1. Taking segment 124-144, which residues are away from the ligand (no atom under 16 Å from the Cβ) and either in contact (Cβ under 8 Å) with a residue 24 or more places away in the chain or not in a helix (DSSP H, G or I) (or both)?
2. If T117 satisfies all but one of (1) under 30 Å from K39 (Cβ atoms); (2) of a type in the set (S, T, Y); (3) touching a residue at least 24 places away in the same chain (Cβ under 8 Å), what's the number of the condition it fails?
3. Out of the helices (runs of 4 or more DSSP H) lying entirely within segment 1-110, which hold 2 or more residues that are away from the ligand (no atom under 16 Å from the Cβ), over 23 Å from the mean Cα position of the chain (by Cα) and at pLDDT 85 or above?
4. Counting only residues that are farther than 14 Å from C3 by Cβ and among the aromatic types (F, W, Y), how many does segment 20-44 have?
5. Could you tell me how many of the residues in segment 145-168 are touching a residue at least 40 places away in the same chain (Cβ under 8 Å) and within 19 Å of S95 (Cβ to Cβ)?
6. Which numbered condition trips up V155, out of (1) at pLDDT 85 or above; (2) farther than 24 Å from C35 by Cα?
Amino acid sequence: MDCCDLCRFIVTVEKGRITKFEGDPHHPVTKGFTCKKGKDLVQRMVHPDRIRHPLMKKNGRFVKATYEEVFQIIADKLVSIKQEFGTKAILNYTSDGYGGIKNRIQNIFFNCFGGVTQPQGSLCWGAGIAAQQYDFGSSKGHFPDDVLNADTILVWGRNPKYTSIHLYIA
Ligand code: SF4
């Protein structure tokens, strides 16, 4: 959820329904504390308005489509770009919103497809990576506990209370 805290949850499922959802107390950093965004994931998953099928824009409106339909359109487009311009003409852009392991699964597909163009970082994080490379020569993070060794902490352009709760309570 646009968050690098990487909480771990213990989820209890009974008869196909989630009946309990809590932070894992054995997680070395988060120690079972999770934010509201994490806890609300269950509501989001079972929400009646959740989109459960592809949508295609037709005549200015989104209409329901089948997976076969949209896969065929995407496949045709990818193949035609590959044939006409080569695979590097395709930009594989993926980033935030959902930050789990499946967020990057399409990299496997695009590698098999021939290798495509990829941005470094996301729209905002690309700038962060470049700044770290200028300042330190590489972009490597610290262990979370290292923040306790700092004499001064400068928080720039973010509010950890809302976007990185474990930094806030560290
Ligand atoms: S702090 Fe919240 S958003 Fe971040 S990983 Fe934990 S539950 Fe998810």
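1. Here is the first cut: in segment 124-144, the ones away from the ligand (no atom under 16 Å from the Cβ) are 124, 126-140, 142-143.
Scanning segment 124-144 gives C124, G137, S138, S139, K140, H142, F143.
2. In the conditions (1) under 30 Å from K39 (Cβ atoms); (2) of a type in the set (S, T, Y); (3) touching a residue at least 24 places away in the same chain (Cβ under 8 Å), T117 misses (1) alone.
3. On the way: elements: 36-39, 41-46, 67-85.
Those helices (runs of 4 or more DSSP H) span 67-85.
4. 1
5. Count: 2.
6. The one condition V155 does not meet is (2).
The values are calculated or read from the model by the stated rules, or taken from the named source; none is laboratory data. Remember, predicted model here, so these are calculated numbers, not experimental data. Cβ sites come from the backbone with ideal geometry, for glycine too, and all protein chains shown count toward neighbours.
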